[in-house]
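First comes the structure, then the notes that go with it.
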Amino acid sequence: METLIKPGADPQTLLKNVPRSGSTMLMYIDGKWAEASDGASRTLLDPATGAPIASVAEGTRDDAKRAIAAARTAFDVGPWSTMTAADRARLLFRVADKIEEYGRELQYIDTLNNGKPLRETEYDVADAAGCFRYYAGLATKPHGQTFDVPGPSQSFTVREPIGVCGQIVPWNYPLLMAVWKLAPALAAGNTCILKPSELTPLSALRLATIFEELEFPAGAVNIVTGAGPVVGAELAENHGVDKIAFTGGTKTGRSIMSAAVGNLKKVTLELGGKSPNVVFADADFDTAVDYALFGIYANAGQVCSAGSRLVVQDSIADKFVAAVVERAKKIRVGNGFDPKTEMGPIISRGQLERVEGYLAAGKDEGARLVCGGERLGGALAGGNFIAPTVFDGTNRDMRIVREEIFGPVLVVQRFKDEDDAVSTANDTIYGLAGAVFTQDVAKAHRVIRRLRAGITWINTYHPTYNEAPWGGYKQSGIGRELGTYGYDAYTEVKQINVNLDVAPSGWFEG
Ligand code: NDP
């Protein structure tokens, strides 16, 4: 298989390694490339230009059921579930190598499909390879516990795979979110049906070609494209699925959790956020400004952990907001393929309109718009571009302060002292992430410990590590991904008890 490519490549050249029927790119079910059962397809649009880029099979409930049946066989009969951990690990290391080998191609595919700048997709690809490598290494490391129990017995535990896993991922990190789901699940010996977002399935399909090239057993990994309420809902409802793992909006997460109740699937949810980035007056000013920008404008704010609320101490707030605004205005917004671009488009027309709705709500509710606040026109008019935006003069009741916008919109909240900072930061239904900027080490630790959030940073924003757990408190989700926690979430714990004195118990006398 060939690697490519030139910047701004023609989509048809870029996507040529994914099998098609006519012009429609196919799904990967039971080790074979397949059309949708009813032959339907969906046209994907370039978020930066609005131009069509590809046609992809639009999977049905029947397609999802076929994939579940294939994953069921690969798990119940094998061979994936009967392979040794060392053999699984060997294959997963090779996936990491292949992701790197085809790295440029995967990077360009995500920039084409999602619109995010090349500088971001380069990181995503490196992280994706690192994630497979981390879990390949972990596959042979899990260990159980032994217990000192009374009686002539030995009691111990082993970790075993859960079974067939349905995995539903969003459009904001198309390749990376797919990998975060697949790598730990496969390492632990599960079989998978992954449903990428209907908006961004292309890098997941290219990933499927890697599984095919490495001759993964049929049914171990299935990639089913199609709509959330169709393919995704089938995965959540179907009793042949043992675990459902979802990343996306809190509203959809709720519906998936209720759908999973039928057979009491194990559920992992990584949902939305409205994360506070708390800046104290004694922070390193330039560092804090820099990360305030990175926290909200990376990936155009379409990040679950985005630092969308700048919680800044009164005494420096005017100067701080002015510095953020000055730099926000200079952010180079444009087509992700332009190497100079720092911020790309919003994923779709629907999401663009949703963000515009929040811009209008902010103005209506009386927040002070200090920069951005509008869709970009001119050369960018064909795409879904919003100017980096800052709202000051907010209060805690405003929708722009309470709800996840998922766009490049920063809201400023001011505080007086440490208690006020904590109370402002925690006044949200979400609890995914948060950061504190201060040069007072003790204060940094005190405040971080009081934040009700699962992922926190001191004097930085956004770094994510394959080794460390990722997930939220409150309505930001259930469970953790990444690290050993993410591996454990794809395992069951079995207790094994051995009688060391093999003789009748004598409990019943007759
Ligand atoms: P969703 O949460 O609806 O989509 C995420 C994934 O879930 C997609 O694969 C989607 O499929 C699938 N899905 C949608 N409906 C169902 C369903 N009923 N059953 C099973 N799967 C389903 O996100 P949206 O794209 O609608 O975005 C809405 C908001 O959600 C955003 O504005 C943002 O606030 C939040 N969001 C949060 C993300 C995060 O990382 N925390 C990521 C994405 C969105 P399909 O794409 O085919 O509809």
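The values are calculated or read from the model by the stated rules, or taken from the named source; none is laboratory data. Bear in mind the structure is a predicted one, so any value in this text is a computation, not a measurement. Because the Cβ atoms are built from the backbone with ideal geometry, glycine has one as well, and the counts that use them run over all protein chains shown.
Here are the numbers:
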item: Selection from segment 201-229 of residues that are near the ligand (Cβ under 8 Å from one of its atoms) and either under 13 Å from Arg42 (Cβ atoms) or charged (D, E, K, R) (or both); result: Gly226, Ala227, Gly228
item: Selection from segment 277-308 of residues that are touching a Lys or Arg at 6+ places or on another chain (Cβ under 9 Å), of a type outside the set (A, V, I, L, M, F, W, C) and under 18 Å from Ala444 (Cβ atoms); result: Asn277, Asp282, Asp290
item: Among the residues listed as Thr140, Thr191, the single one being among the polar types (S, T, N, Q) and closer than 30 Å to Asp63 by Cβ; result: Thr191
item: Of all residues making up segment 168-187, the number that are touching a Cys at 6+ places or on another chain (Cβ under 9 Å) and hydrophobic (A, V, I, L, M, F, W, C); result: 7
item: Selection count, segment 237-253, where residues are within 10 Å of the ligand (Cβ to nearest atom) and either free of Cβ contacts under 8 Å to residues at least 60 places away in the same chain or not aliphatic (A, V, I, L, M) (or both); result: 9
item: Qualifying residues in segment 10-20 (those that are surrounded by 15 or more Cβ atoms within 10 Å (Cβ to Cβ) and not charged (D, E, K, R)) - the one nearest to Gly39 (Cα to Cα); result: Pro19
item: Verdict on Pro217 being assigned to a helix (DSSP H, G or I) and out of contact with any strand residue (DSSP E or B) (no Cβ under 8 Å at 6 or more places or on another chain); result: no
item: Yes/no for Ala67 being under 25 Å from the mean Cα position of the chain (by Cα), in the same structural domain as Leu15 (by TED's automatic domain parsing) and closer than 21 Å to Pro19 by Cβ; result: yes
item: Test: residue in segment 428-439 that is exposed (fewer than 15 other Cβ atoms within 10 Å of the Cβ) and farther than 26 Å from Lys251 by Cα; result: yes
item: Enumeration of residues in segment 381-413 that are of a type in the set (A, V, I, L, M) and either within 20 Å of Arg327 (Cβ to Cβ) or within 16 Å of the ligand (Cβ to nearest atom) (or both); result: Ile386, Ala387, Val390, Ile400, Val401, Ile405, Val409, Leu410, Val411, Val412
item: Output for segment 269-295, where each listed residue is more than 10 Å from the ligand (Cβ to nearest atom) and within 19 Å of Ile429 (Cβ to Cβ); result: Ser275, Pro276, Asn277, Val278
item: Residues that are assigned to a helix (DSSP H, G or I) and within 11 Å of the ligand (Cβ to nearest atom), drawn from segment 165-175; result: Pro174
item: Which listed residue is farther than 17 Å from Val498 by Cβ and under 20 Å from the mean Cα position of the chain (by Cα), from Pro174, Pro142, Pro161; result: Pro174
